[in-house]
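Everything below concerns the one structure shown next.
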Amino acid sequence: MASSLIQSLRSFGYSPATAIADLVDNSISAHASQIDVRFHWNGAASSMTLTDNGDGMLPNELNEAMRPGSANPLDDRAADDLGRFGLGLKTASFSQGRVLTVATRHIGHPEIETRRWDLDHVQRTDRWVVLTDSPHIDQLAPLLPEESGTVVAWHHLDRVVDDRPASDTKARNTFRAMIDDVQVHLEMVFHRFLSDGLRITVNGTTCEPWDPFMESHPATERLQTESLLLTNATGEERRIDIQPFVLPHNSKLDPATHKRAGGAKGWNLQQGFYLYRRRRLIVAGDWFDRGTKPEEHHKLARVRVEFDQDLDATWALDVRKAKARPPANLRDDFVRIARATRNRGEEVYRSRGRRSVGAAPRKGHKVPLWTADTSGAIVRYLINRQHPVVVDLLSRQIDAGLAEQTLQLIETTLPVAHILSQGFRDENRIDEGGDVDELTRSAARRLFCAMVHAGESAENARRTVLEAQPFDSAGDYIQTLTTGSC
C-alpha cells in the first residue's frame with residue numbers, strides 16, 4: 001500500500017527548478033523578504049536547503065503544512081497566497097528526494113519546531129507517520145533567522161543524483177548545471193517580486209529579475225491593452241488583463257542585452273503568451289493554438305496575461321503551476337490578439353528589409369540597398385536599382401548589360417538558407433553592417449564626388465548619400481565632405 005502511494009506522490013513530473021519554485025511560493029506567502037537556496041554537492045549524499053525569513057509556523061500550522069492535500073483548491077485564500085492544492089511542499093520535495101525536513105521558528109513561538117517525512121521509513125513500516133526529529137537538525141538550526149523563518153531541506157536526492165562519488169567530475173558538472181537552471185528559472189518566474197525588493201540567492205548568487213517584455217527599453221512597443229471578463233467557479237465575474245508587447249529589433253540591442261532577452265529557451269521559443277497568477281509567472285511563452293508554431297519572424301511578439309487565483313479552475317492550472325490553457329469561451333479572443341501582435345512583431349522584425357522598390361528618395365527616407373520582392377510565391381531578395389550607388393554604377397560608360405548581369409548573379413546566389421541557419425544558432429554572429437569602416441567611408445566619398453561631378457550641389461549630394469544604406473551609419477564622416485574632398 002505504501003509503495004503505491006509513494007509512487008503516486010512522486011509522479012507529478014517536477015524538474016528541480018519547478019520544485020524549488022513551489023517552495024519559493026510558500027516563502028512568499030509567508031511574507032519572506034529574503035530566500036536563500038543552497039545545493040550541497042556530495043555525490044550520492046548531496047542535499048538542498050531553502051531558508052527564508054518569513055513568518056514561520058506554529059506547531060499546528062507545521063503539522064498541517066506537512067499533511068498532503070492540506071488545502072482545498074476551492075477555499076478562499078489570502079490575496080498573497082500563491083498555493084492552491086496544499087500539495088506543493090510535499091509533491092515538489094518528494095519528486096526530488098526521499099527525505100523532506102522542515103524546521104521553523106514563529107515570531108511568537110521562539111522554539112524551533114521540526115517535522116520530517118522519510119519515504120524509506122514509510123515504506124519499511126507501512127505507516128504514514130510524520131517524524132518530529134531530524135538527524136540534520138544541528139546543520140539546519142543555525143540557518144534559521146533569530147526572530148522567525150523556515151528552512152526546508154531535501155536529502156537522499158535520488159531523482160537528482162546517482163551513486164557516483166563526489167570526486168566524479170562529470171556528475172559534479174551536471175549538478176552545477178542544474179543549479180544554474182534553477183537560478184534562471186527563479187529569475188523568470190518571480191521577476192516581478194524581485195523587481196519589487198524580494199531577494200533570492202542561489203548558492204550565494206543573487207537572482208536578477210528577467211523581464212520578458214523589456215519594458216524599460218525605449219524601443220519596446222506596448223500595443224493596445226484589453227480586459228476580458230470571465231466567470232469563476234462561484235459564478236462571479238472576474239477580469240483578465242492582457243497587454244501585448246513587441247520587443248526591439250536586434251539592431252537596437254547590444255549583444256549582452258540581446259542574449260539575456262532571449263530567455264532560457266531562446267528567442268524563438270520564448271514568443272507567445274505569458275500567464276501571470278497573482279504576479280507569479282505560470283506559463284512563459286505559448287500561443288495556445290495547435291496550428292501556430294513558433295516562427296523566427298514572430299519572435300519579438302510577447303503578450304502578458306494576468307488573472308486572479310480564483311480563476312485557477314477555468315485555466316486548468318495543474319498542481320505544479322507549470323501548465324495552463326485559456327478558457328474555451330475566450331479562445332477566439334486569444335487567437336485575435338495573438339494574430340495582431342505577431343503581425344506587428346513581424347513588421348518590426350523585417351524593418352531592415354522592408355519592400356521599397358520604385359520608391360523615390362525623399363528627405364528623411366532611408367534608401368535600402370536590398371529589397372524584398374514578395375509579389376510571387378517565393379520571396380526574392382533584390383539589389384535596389386534605385387540606390388544611388390547602383391544608379392551611378394549603371395550610368396557609367398561601361399557595359400551596362402554586363403553590370404546588370406553581375407547584379408543578378410549576386411541576387412540569385414545569395415545564400416539565404418545558410419544565413420537563416422546561422423541566425424537560428426546565434427543571431428549575434430550575423431554582421432548587419434553596424435560598424436563604420438574604411439570601405440564604407442570610401443564608398444560614401446566616391447558617391448558624393450560622382451554626384452558633385454554630375455552637377456549636384458555639395459549640400460544635396462551629402463543629403464542623398466546620408467539617405468542611402470549603409471552610409472546612414474557614417475553621418476559624422478559624410479558631413480565633413482566638401483567639393484575639396486574630390
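Reported count of residues in segment 38-57, each being surrounded by fewer than 15 Cβ atoms within 10 Å (Cβ to Cβ) and not in a strand (DSSP E or B), is 1. Kindly check whether there is at least one residue in segment 323-335 that is closer than 30 Å to Ala92 by Cβ and modelled with pLDDT of 90 or more. Yes, segment 323-335 contains at least one residue that is closer than 30 Å to Ala92 by Cβ and modelled with pLDDT of 90 or more. Within the option set Thr125, Thr101, being polar (S, T, N, Q) and surrounded by fewer than 21 Cβ atoms within 10 Å (Cβ to Cβ) holds for one residue only, Thr125. Across segment 221-242, the qualifying residues are those that are crowded, with 18+ Cβ neighbours inside 10 Å and under 24 Å from Phe190 (Cβ atoms), and the one among them that is nearest to the chain's Cα centre (by Cα) is Ile242. Restricting segment 253-311 to residues that are touching a helix residue (DSSP H, G or I) at 6+ places or on another chain (Cβ under 9 Å), of a type in the set (S, T, N, Q) and not in a loop (DSSP other than H, G, I, E, B), the residue that is surrounded by the fewest Cβ atoms within 10 Å (Cβ to Cβ) is Asn268.
The residue that is modelled with the lowest pLDDT, counting only those in segment 418-468 that are part of a helix (DSSP H, G or I), of a type in the set (A, V, I, L, M) and within 30 Å of Gly266 (Cα to Cα), is Leu420. Considering the conditions (1) in contact with a Gly (Cβ under 7 Å, 6 or more places away or on another chain); (2) surrounded by 14 or more Cβ atoms within 10 Å (Cβ to Cβ), Arg199 is excluded by exactly one of them, (1).
Within segment 252-278, being touching a residue at least 60 places away in the same chain (Cβ under 8 Å), among the hydrophobic types (A, V, I, L, M, F, W, C) and within 19 Å of Arg290 (Cβ to Cβ) holds for one residue alone: Phe273.
The values are calculated or read from the model by the stated rules, or taken from the named source; none is laboratory data. Keep in mind it's a predicted model, so treat the numbers as computed, not measured. Using ideal geometry, Cβ is built from the backbone for each residue, glycine included, and neighbour counts are taken over all protein chains shown.
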